[in-house]
Structure formats: C-alpha cells, structure tokens
Amino acid sequence: MKTEGSTVHLAIADHDMEWMMQALQGLNSHKQIKVTVFANTGRDLVERVASMDVDAVLMEYSMPDMTAVEVVKKLAEDSPGTLIFAVTNSLTEQLLRTAKSAGVKEVFFKPNFSPAEAGNRIVAEVDAFRRELSLAAQKHGRIEKGTGPIGVKIQKEYVTRTLKQVVVLTHNIKGGVGKSTIAVNLAAAIKMSPYYSGQRVCLVDFDCGGANVATYCHINDNATYNRNIYNWLSVSPDVSAREVEEMLIKGPQGIMIAAAPINLAHAEKISYDLADKILKILKNYFTVIVIDGAPNLSAPIDSAMLHATHILLVANAEGQSVRQLAKTVALFSPEPDFPEKPDMSHILNKMFLVVNYAQAPTEYDLKKADIASVVGRPLIAEIPYDKTVRKALHGPYEKVAVELDPGSDFSLAIKKLSNDICGAYPDGIRGEDDEKKPSKGLFSRLLGR
C-alpha cells in the first residue's frame with residue numbers, strides 16, 4: 001500500500017500533443033508527481049493504465065473515442081483506485097455535474113489551466129484516498145475486495161490493485177548495450193517483489209544468435225540443448241500447463257526461462273510464426289513475460305514488438321547505440337512527406353528509453369537529455385554503472401546482480417524500473433531516500449517531435 005506523501009504516478013491523455021507536452025513539463029516540476037503514461041486515445045489510455053502502476057489520470061474530457069465518464073467506468077474494473085481528472089475547453093455546469101456524479105474528481109477549464117494548481121489538487125486527492133485506505137487497513141488489515149474479518153461487516157470495500165499481464169521487450173539493433181543484463185535482472189526483480197512473488201514470470205531469449213540469457217542465469221549448455229525455443233516447433237497451440245513447464249528451465253528466484261537454441265542451424269529456423277505461437281502460449285500461463293531481444297529487426301523481434309506492452313530501447317551513453325535507436329524510432333514514426341506509410345503508432349507508443357551505463361563513466365559520455373533528444377522517446381530509467389553486474393556474471397556465486405546485492409545502485413535502479421512498469425514495489429525501494437532525492441518525473445524530456 002502506498003503511503004501518504006509518496007510519489008503520485010500520473011497518466012496524461014489528450015489528442016492535442018502540443019498541449020499535452022506543455023502540461024507534461026509543468027506537472028513534472030511538482031515534487032510529488034511522476035508522469036509515467038501518456039496516450040492520444042481513450043482506448044490506449046485504458047490499456048496502459050490497466051497494465052502500469054498509475055495513481056491518477058489527467059485527460060481531455062472528450063477524447064476522439066471515449067469521454068472521461070466512460071474511462072471512469074472502464075478503469076473501475078481494470079484499475080480500481082485510480083483517480084480521474086479532466087480538462088475541457090467547454091466547461092458547463094451540466095458537464096461538471098455529469099462528470100462528478102460519475103466519479104471524475106475534478107474538471108479543469110483548459111484555457112486557464114495551471115499545472116501547479118492542478119498538480120496540487122491531484123496530489124491532495126490521491127493522498128486523501130491513501131489516508132482513507134490506510135485507516136481502513138489499520139482497522140481491518142489489508143483489505144481485498146469482498147473480504148473482511150469474520151463477524152465484521154465492512155460498509156465500504158477497498159480494492160487492492162489488480163495485477164495486469166505485462167510483456168516487456170529489451171531492444172537495440174546494436175549489440176553490447178546491456179539488453180540481456182537488463183532483461184534478466186528485471187525478470188528476477190519483479191519475481192522478488194512481495195506483490196509478484198506468487199505470480200508466474202517467464203524470461204524469453206529471442207537473441208537466437210547470442211543465447212545470452214542462459215549464460216547470465218548460469219545455466220549450462222546441456223540444460224538448454226533439449227529445452228529451447230526451437231523445440232517448440234512441434235508443440236500444439238493448446239498445449240497444457242504441465243507440458244509448457246517441461247519446455248522451460250527454472251532460473252533465478254523461480255522464474256521460468258524459454259532459452260534460445262545454441263545450435264546456429266536451429267537458431268535460423270526461429271520464424272515469425274514460431275515466435276508468435278510461443279508468446280501466445282506463454283501469455284496463457286504467465287503474468288509477466290520479459291523478452292531479451294536480438295540486435296536486429298528479425299522475425300522473432302517483429303512478433304515480440306506486437307505482443308509487448310513495453311518496449312525498452314536500451315542505449316549506452318555513446319553515439320553509435322543512440323543513433324541506432326534513433327533509426328528504429330524513425331522507422332516506426334509517421335512521415336508527412338510519405339502519407340501512405342503504414343501507421344505504426346501502436347508500436348511507437350510502447351517504446352521507452354533506458355540509458356544503461358554498462359561501462360565506467362567518462363568525460364565523453366553523452367548527457368541523458370541529449371540521448372533523449374536524439375532518440376525521441378520518453379526516458380523511463382537510468383541504470384548506473386555498478387561492479388555488481390560483472391561480479392554476478394563472472395564470480396562463483398551463480399546469482400544475478402539483483403540477487404547478489406539487492407541494495408546496490410544497479411539493483412535499486414532495476415527495481416525502480418520494475419515499479420514503473422508494473423508496480424512491483426509500490427511501498428518503496430529499499431535504499432531510497434525520498435526526501436533527499438525528490439522525483440523529477442519519468443518524462444523529464446520528450447524531444448524530437
């Protein structure tokens with residue numbers, strides 16, 4: 001349960017991108033607000049809020065496909081406890097009455113919108129809700145929907161956040177940027193969460209030319225020879241849970257691993273259809289799926305991008321990896337001079353930038369703002385250089401970095417990333433000092449538009 005005064009994760013939605021970016025910059029200056037989601041349609045907003053850890057939504061009252069009232073109704077089931085705020089150019093007494101009676105907390109008049117005032121109101125409402133929930137928890141314990149102490153009638157139900165399925169892909173067409181390191185440790189960190197320890201987590205290796213996941217998880221070649229994704233060729237789409245279990249290898253913290261084939265001839269046969277079948281099957285049995293992507297745009301990666309809820313664009317603080325990501329983003333971006341180009345916004349909107357300092361910092365490193373500017377996607381995480389990573393990989397411990405030293409700078413950054421993706425650590429990350437390190441917001445800059 002989040003405590004009063006802790007960071008408020010906010011989603012912003014508007015079909016007017018320019019206004020949304022202006023609001024984003026203003027709200028990010030609030031010391032307690034962290035913007036973690038943005039959307040251009042109501043449908044995208046509902047899907048993203050339902051799959052991420054979001055405390056409040058600020059949206060245009062009338063989106064092209066959905067009103068704020070409709071969003072309230074949909075999120076009541078998909079993301080209970082998320083508070084809805086709206087903005088409109090046409091604020092009338094009737095609209096305000098309709099909105100508030102449906103559960104919208106406040107409707108702001110767009111021409112006079114003040115990010116500072118709106119931010120204060122949003123934080124006040126979220127903290128009031130948290131305070132109410134905390135008092136109920138003190139009296140009744142952690143309350144699940146429809147439950148309570150024996151013999152006690154609870155007049156008001158408090159619903160803990162539903163855990164939604166997430167599929168995360170790490171990607172860069174340049175190798176050596178740390179995709180595997182982040183994928184492996186992210187999967188382990190999510191499984192280590194008290195909220196996800198009872199959920200099933202699968203780590204998939206689609207880097208068929210590298211097969212690094214098994215190495216990072218200290219799994220020997222014999223274990224992967226007969227249990228890798230090539231062997232899924234003969235698997236039926238309606239395979240049972242027990243049969244799926246037999247195709248996978250147990251990894252750190254009990255995550256299950258779909259390993260890449262070490263035989264290069266087999267690796268070349270991992271097609272789009274096979275990758276699609278694998279992911280469809282795994283989505284039937286796992287709450288969290290983390291995919292280690294290949295340094296290319298191969299057929300398995302095409303499938304992974306479609307299935308993913310989050311595509312983490314992993315870059316180092318050097319020019320080549322950043323330019324490669326910029327090319328990928330450009331590939332999926334609209335081109336005004338090429339109107340017949342297929343709309344790939346459903347892929348583009350799932351892309352987030354992760355700056356991974358895989359090497360010790362140097363004076364020649366690019367600044368995070370410059371990296372975000374070149375790539376043109378929101379910065380979701382900075383992963384610091386930490387000797388724990390090499391120690392875990394090359395030492396005799398047979399543990400991944402987040403297991404070997406859960407309190408290291410690297411581990412804390414990975415846990416923060418897992419929290420931003422799926423709310424794995426809503427009660428805070430051990431080792432954080434929120435008063436000394438106030439949140440600056442997830443979208444510190446979104447440039448390149």
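Return the only residue of 329, 314, 354, 322 being over 27 Å from residue 46 (Cα atoms) and under 22 Å from the mean Cα position of the chain (by Cα).
Values: 329 fails: over 27 Å from residue 46 (Cα atoms); 314 fails: over 27 Å from residue 46 (Cα atoms); 354 fails: over 27 Å from residue 46 (Cα atoms).
Going through 329, 314, 354, 322 in turn, the sole match is 322.
In the list 267, 258, which residue meets the criterion of being in contact (Cβ under 8 Å) with a residue 12 or more places away in the chain, touching a Phe, Trp or Tyr at 6+ places or on another chain (Cβ under 9 Å), under 19 Å from residue 302 (Cβ atoms) and crowded, with 24+ Cβ neighbours inside 10 Å?
On the way: 267 fails: crowded, with 24+ Cβ neighbours inside 10 Å.
Unique residue meeting the criteria: 258.
Which of the strands (runs of 3 or more DSSP E) contained wholly in region 82-173 include at least 1 residues that are modelled with pLDDT of 90 or more and assigned by TED's automatic domain parsing to the domain that holds residue 198?
Values: elements: 83-88, 106-109, 166-171.
Correct list: 166-171.
For the structure I just gave you, tell me whether residue 364 is assigned to a loop (DSSP other than H, G, I, E, B) and exposed (fewer than 13 other Cβ atoms within 10 Å of the Cβ). So that I can check it myself, show each step before the final result.
Numbers: assigned to a loop (DSSP other than H, G, I, E, B): yes; exposed (fewer than 13 other Cβ atoms within 10 Å of the Cβ): yes.
Against the criterion (assigned to a loop (DSSP other than H, G, I, E, B) and exposed (fewer than 13 other Cβ atoms within 10 Å of the Cβ)), residue 364 qualifies.
Scan 63, 1, 17 and give me the residue that is farther than 17 Å from residue 118 by Cβ, in contact with a Lys or Arg (Cβ under 9 Å, 6 or more places away or on another chain) and modelled with pLDDT of 90 or more. Can you show your working first?
On the way: 1 fails: modelled with pLDDT of 90 or more; 17 fails: modelled with pLDDT of 90 or more.
Going through 63, 1, 17 in turn, just one is farther than 17 Å from residue 118 by Cβ, in contact with a Lys or Arg (Cβ under 9 Å, 6 or more places away or on another chain) and modelled with pLDDT of 90 or more: 63.
Of the residues 358, 424, 372, 381, only one is touching a Leu at 6+ places or on another chain (Cβ under 8 Å) and either outside any helix (DSSP H, G or I) or aromatic (Phe, Trp, Tyr) (or both); which?
On the way: 358 fails: touching a Leu at 6+ places or on another chain (Cβ under 8 Å); 424 fails: touching a Leu at 6+ places or on another chain (Cβ under 8 Å); 372 fails: either outside any helix (DSSP H, G or I) or aromatic (Phe, Trp, Tyr) (or both).
When all the criteria are applied, what remains is 381.
Do any residues in region 200-213 that are in contact (Cβ under 8 Å) with a residue 40 or more places away in the chain have Cβ atoms under 6 Å from those of residues that are assigned to a loop (DSSP other than H, G, I, E, B) and surrounded by fewer than 21 Cβ atoms within 10 Å (Cβ to Cβ), where the two are at least six apart or on different chains, and which pairs are they?
Final answer for the pair search is 200/287; 211/262.
Just need a number here: residues in region 284-328 that are assigned to a helix (DSSP H, G or I) and under 28 Å from residue 241 (Cβ atoms).
If we filter region 284-328 for residues that are assigned to a helix (DSSP H, G or I), which is where we start, we get 284-285, 299-307, 319-328.
Now restrict to residues that are under 28 Å from residue 241 (Cβ atoms): 284-285, 299-307.
Going through region 284-328 one residue at a time, the tally reaches 11.
Step by step: first the residues of region 231-283, then only those that are hydroxyl-bearing (Ser, Thr, Tyr) and in a helix (DSSP H, G or I), then the one that is farthest from residue 204 (Cα to Cα). Which residue is that? Explain how you work it out, then say what you get.
Pass one, region 231-283, residues hydroxyl-bearing (Ser, Thr, Tyr): 234, 236, 240, 271-272.
Those left that are additionally in a helix (DSSP H, G or I): 234, 272.
Working: 234: 18, 272: 15 Å.
Filtering first and then ranking leaves 234.
For region 55-74, check the following and say yes or no: at least one residue is touching a residue at least 60 places away in the same chain (Cβ under 8 Å) and either in a helix (DSSP H, G or I) or among the hydroxyl-bearing types (Ser, Thr, Tyr) (or both).
Here is the first cut: in region 55-74, the residues touching a residue at least 60 places away in the same chain (Cβ under 8 Å) are 55-56, 58.
Retained after the next criterion (residues that are either in a helix (DSSP H, G or I) or among the hydroxyl-bearing types (Ser, Thr, Tyr) (or both)): none.
No, region 55-74 contains no residue that is touching a residue at least 60 places away in the same chain (Cβ under 8 Å) and either in a helix (DSSP H, G or I) or among the hydroxyl-bearing types (Ser, Thr, Tyr) (or both).
Taking region 46-67, which residues are within 17 Å of residue 126 (Cβ to Cβ) and either touching a Cys at 6+ places or on another chain (Cβ under 7 Å) or of a type outside the set (Val, Ile, Thr) (or both)?
The answer is 52, 53, 55, 56, 58, 59.
Would you be able to say whether some residue in region 183-194 is over 22 Å from residue 311 (Cα atoms), touching a Gly at 6+ places or on another chain (Cβ under 9 Å), crowded, with 18+ Cβ neighbours inside 10 Å and assigned by TED's automatic domain parsing to the domain that holds residue 395? Even if it seems obvious, please write down each step before you answer.
Within region 183-194, the subset over 22 Å from residue 311 (Cα atoms) is 194.
Within this subset, residues satisfying the condition of being touching a Gly at 6+ places or on another chain (Cβ under 9 Å) are none.
Looking for residues that are over 22 Å from residue 311 (Cα atoms), touching a Gly at 6+ places or on another chain (Cβ under 9 Å), crowded, with 18+ Cβ neighbours inside 10 Å and assigned by TED's automatic domain parsing to the domain that holds residue 395, one finds none in region 183-194, hence no.
If I filter region 81-98 down to residues being aliphatic (A, V, I, L, M) and within 17 Å of residue 11 (Cβ to Cβ), which single residue comes out as surrounded by the fewest Cβ atoms within 10 Å (Cβ to Cβ)? I'd like the intermediate steps shown before the answer.
To start, the set of residues in region 81-98 that are aliphatic (A, V, I, L, M) comprises 83-84, 86-87, 91, 95-96.
If we keep only those that are within 17 Å of residue 11 (Cβ to Cβ) too, we end up with 83-84, 86-87.
Working: 83: 22, 84: 24, 86: 27, 87: 24.
Among them, the one singled out is 83.
Does residue 78 satisfy being within 18 Å of the chain's Cα centre (by Cα) and either surrounded by 21 or more Cβ atoms within 10 Å (Cβ to Cβ) or assigned by TED's automatic domain parsing to the domain that holds residue 378 (or both)? Can you show your working first?
Values: within 18 Å of the chain's Cα centre (by Cα): yes; either surrounded by 21 or more Cβ atoms within 10 Å (Cβ to Cβ) or assigned by TED's automatic domain parsing to the domain that holds residue 378 (or both): no.
Spelling it out, it is not the case that residue 78 is within 18 Å of the chain's Cα centre (by Cα) and either surrounded by 21 or more Cβ atoms within 10 Å (Cβ to Cβ) or assigned by TED's automatic domain parsing to the domain that holds residue 378 (or both).
Hey, does region 32-50 have a residue that's closer than 18 Å to residue 115 by Cα and not in a strand (DSSP E or B)?
Taking every residue of region 32-50 in turn, at least one turns out to be closer than 18 Å to residue 115 by Cα and not in a strand (DSSP E or B).
Need pairs with beta-carbon distance below 9 Å; first residue surrounded by 15 or more Cβ atoms within 10 Å (Cβ to Cβ) and within region 1-20, second assigned to a strand (DSSP E or B) and of a type in the set (Lys, Arg); sequence gap 6+ or separate chains.
What qualifies is 7/34; 8/34; 9/34; 10/34.
Mind listing whichever residues of region 285-329 are of a type in the set (A, V, I, L, M) and free of Cβ contacts under 8 Å to residues at least 40 places away in the same chain?
Let us first name the residues in region 285-329 that are of a type in the set (A, V, I, L, M), namely 288-291, 294, 297, 299, 301, 304-306, 308, 311-315, 317, 322, 325-326, 329.
Within region 285-329, 299 is the sole residue that qualifies.
The values are calculated or read from the model by the stated rules, or taken from the named source; none is laboratory data. Predicted, not measured: the structure shown is a model, and the values here were computed from it. Positions of Cβ are generated from backbone atoms using ideal geometry, with glycine treated the same way; all protein chains shown enter the neighbour counts.
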